[in-house]
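Student: Quick one: the structure is below, questions incoming.
The values are calculated or read from the model by the stated rules, or taken from the named source; none is laboratory data. On a predicted model such as this, the values are computed, not experimentally measured, just so you know. Counting neighbours? That spans all protein chains shown, and the Cβs are built from the backbone with ideal geometry, glycine included.
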Amino acid sequence: MLKTIGEGGNAKVKLAFDIDNQTKVAIKIMREYDENTKNMVLQEAQVMCNVKHLNVLQVIKYGEGPVEKANKKGGKYLYIAL
């Protein structure tokens, strides 16, 4: 991850480099979350995958992963790569 490019109440958006596609991507990383929030965010990502519009970012990948890739606190994080 290269740097933080945005921040809100529930998430940070980081600029990263996608090795597979050889391009820069924005990654939305959720802060602490419960099972309900996790399901809501994953549903949002699934819906966004089906939206094709010039003014809506395309979702490349979404899921849950180890947090050491996002910060140093331990645990897991939710991410949506845009």
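Student: List the number of the failed condition for Met1; all other conditions in (1) loosely packed, with under 11 Cβ neighbours inside 10 Å; (2) modelled with pLDDT under 80 hold.
Tutor: (1)
Student: Something else about it: Going by the structure shown, is Leu78 within 22 Å of Thr4 (Cα to Cα), of a type in the set (A, V, I, L, M, F, W, C) and either under 12 Å from the mean Cα position of the chain (by Cα) or modelled with pLDDT of 80 or more (or both)? Steps first, please.
Tutor: Values: within 22 Å of Thr4 (Cα to Cα): yes; of a type in the set (A, V, I, L, M, F, W, C): yes; either under 12 Å from the mean Cα position of the chain (by Cα) or modelled with pLDDT of 80 or more (or both): yes.
In short, yes.
Student: Is it fair to say Leu42 is more than 12 Å from Tyr62 (Cβ to Cβ), surrounded by 12 or more Cβ atoms within 10 Å (Cβ to Cβ) and among the aliphatic types (A, V, I, L, M)?
Tutor: Taking the combined requirement at face value, the residue does not satisfy it.
Student: Given Asn71, Asn55, Asn36, which one is assigned to a helix (DSSP H, G or I) and either at pLDDT below 80 or loosely packed, with under 14 Cβ neighbours inside 10 Å (or both)?
Tutor: Details: Asn71 fails: assigned to a helix (DSSP H, G or I); Asn55 fails: assigned to a helix (DSSP H, G or I).
Step by step, each of Asn71, Asn55, Asn36 is checked, and only Asn36 is assigned to a helix (DSSP H, G or I) and either at pLDDT below 80 or loosely packed, with under 14 Cβ neighbours inside 10 Å (or both).
Student: Mind counting the residues in the stretch 15-39 that are under 16 Å from Ile60 (Cβ atoms), out of contact with any Phe, Trp or Tyr (no Cβ under 9 Å at 6 or more places or on another chain) and not small (Gly, Ala, Ser)?
Tutor: First, the residues of the stretch 15-39 that are under 16 Å from Ile60 (Cβ atoms): 15-29.
Applying the additional criterion that residues be out of contact with any Phe, Trp or Tyr (no Cβ under 9 Å at 6 or more places or on another chain) yields 15-22, 26.
So of that shortlist, the ones also not small (Gly, Ala, Ser) come out as 15, 17-22.
The total comes to 7.
Student: In this structure, is Lys12 more than 12 Å from the chain's Cα centre (by Cα) and basic (Lys, Arg)? Before you say what the answer is, go through the steps one by one.
Tutor: Values: more than 12 Å from the chain's Cα centre (by Cα): no; basic (Lys, Arg): yes.
For Lys12, the condition - more than 12 Å from the chain's Cα centre (by Cα) and basic (Lys, Arg) - is not met.
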